[in-house]
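Let me begin by presenting the structure, written as structure tokens, before commenting on it.
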Amino acid sequence: MGETMIAVIGGSGIYDIDGLEGAAWQAVETPWGDPSDEILTGALNGVKMAFLPRHGRGHVHSPTTVPYRANIDALKRIGVTDVISVSACGSFREEMAPGDFVIVDQFIDRTFAREKSFFGTGCVAHVSVAHPTCPRLSQACHSAAKDAGINVHMGGTYLAMEGPQFSTLAESKMYRTSWGADVIGMTNMPEAKLAREAELCYASVAMITDYDSWHPDHGEVDVTAIIATLMGNSEKGRDLVKRLPALLGTARVDCPHGCDKALEFAIMTAPEKRDPALLAKLDAVAGRVLN
């Protein structure tokens with residue numbers, strides 16, 4: 001049995017955690033480059049916490065340039081066990097209205113300009129992302145949202161687009177009707193895939209800001225309106241986060257869904273054929289199975 005350490009990767013509008021005891025920003029070096037920012041660490045109700053601003057303080061990284069591998073490596077390196085992604089999203093569903101939250105359980109990955117794996121030539125690995133989020137952690141997020149009085153939906157498919165532009169009307173209609181997506185955003189991929197490779201439990205909280213461009217009564221996405229909704233969502237998001245330590249507790253048991261054993265049979269390259277340089281970079285992410 002280990003110790004729980006919860007990390008929140010905060011998207012637009014969420015840059016810190018209220019009430020963090022012993023809060024300090026710390027720089028973390030990774031073999032994949034610098035993370036988006038320093039990591040805010042401390043404790044909340046006796047549970048270790050970490051906070052990483054996905055875009056960096058001041059919003060310096062676009063969705064494409066976020067250093068996803070460095071972010072996940074840095075969190076694993078400092079002892080994180082559970083990762084909560086909080087991000088602003090558009091909605092394809094009338095009932096998933098601006099101001100609502102969705103606990104995402106599936107993804108459609110339409111990104112194309114990002115490094116999506118820690119593994120490659122010299123150490124090949126294939127992990128399953130059939131169920132890309134952790135049900136245990138997702139349920140905790142859902143319970144925390146309900147306790148905070150947030151209108152929350154359990155389950156939904158997140159379409160990850162490259163960005164930074166928003167969807168065309170034709171794309172929005174296709175994603176909604178033909179593809180069956182529920183929300184759209186630009187940042188949860190490859191983040192969720194990398195978290196799985198790093199054997200971290202991962203949950204995604206989508207904070208709805210708009211109806212994308214499909215809705216006949218709401219017109220195209222308007223950044224001014226998004227920001228206004230974002231500010232209200234940010235306060236709700238902080239309320240959700242405050243409730244997670246009590247739900248997850250300090251003692252960390254094995255994930256009942258196997259998230260923390262995702263690499264058990266994933267590495268394909270024979271030991272004698274593995275690239276020592278790549279293995280050195282994988283020390284935090286895959287050390288459990290490589291050592």
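The values are calculated or read from the model by the stated rules, or taken from the named source; none is laboratory data. Source: prediction; values computed, not measured. Note that each Cβ is placed from the backbone with ideal geometry, even for glycine, and that neighbours are counted across all protein chains shown.
Quick notes
- Residue ID - farthest from Ala88 (Cα to Cα), chosen from residues in the range 166-183 that are over 22 Å from the mean Cα position of the chain (by Cα) and among the hydroxyl-bearing types (Ser, Thr, Tyr): Ser178
- Listed by position, the strands (runs of 3 or more DSSP E) contained in the range 121-190 that have at least 1 residues being touching a Cys at 6+ places or on another chain (Cβ under 8 Å) and either surrounded by fewer than 18 Cβ atoms within 10 Å (Cβ to Cβ) or at pLDDT 95 or above (or both) are 157-161, 183-185.
A quick yes/no check of all residues on (1) over 25 Å from Leu248 (Cα atoms); (2) touching a residue at least 24 places away in the same chain (Cβ under 8 Å); (3) surrounded by fewer than 23 Cβ atoms within 10 Å (Cβ to Cβ):
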{"position": "Met5", "(1), (2), (3)": "no, yes, yes"}
{"position": "Pro35", "(1), (2), (3)": "yes, yes, no"}
{"position": "Ala70", "(1), (2), (3)": "yes, yes, yes"}
{"position": "Ala74", "(1), (2), (3)": "no, yes, no"}
{"position": "Gly90", "(1), (2), (3)": "yes, yes, no"}
{"position": "Val102", "(1), (2), (3)": "no, yes, no"}
{"position": "Arg110", "(1), (2), (3)": "yes, yes, yes"}
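- The range 234-277 - residue that is aliphatic (A, V, I, L, M) and surrounded by fewer than 18 Cβ atoms within 10 Å (Cβ to Cβ) and, of those, farthest from the chain's Cα centre (by Cα): Ala270
- The single condition among (1) surrounded by 18 or more Cβ atoms within 10 Å (Cβ to Cβ); (2) out of contact with any Pro (no Cβ under 8 Å at 6 or more places or on another chain); (3) β-branched (Val, Ile, Thr); (4) modelled with pLDDT of 90 or more that Ile226 does not meet is (4).
- From the list Ala24, Ala43, the one residue that fits, being over 25 Å from Phe119 (Cα atoms), surrounded by 14 or more Cβ atoms within 10 Å (Cβ to Cβ), of a type in the set (Gly, Ala, Ser) and over 17 Å from the mean Cα position of the chain (by Cα), is Ala43.
- Scanning the range 181-208 for residues that are touching a helix residue (DSSP H, G or I) at 6+ places or on another chain (Cβ under 7 Å) and of a type in the set (A, V, I, L, M) yields Ala181, Ile184, Leu194, Ala195, Ala198, Leu200, Ala203, Val205, Met207.
- Residues within the range 257-290 that are of a type outside the set (Gly, Ala, Ser) and within 17 Å of Val83 (Cβ to Cβ), tallied: 7
- Scanning the range 138-164 for residues that are closer than 24 Å to Gly249 by Cβ and acidic (Asp, Glu) yields a total of 1.
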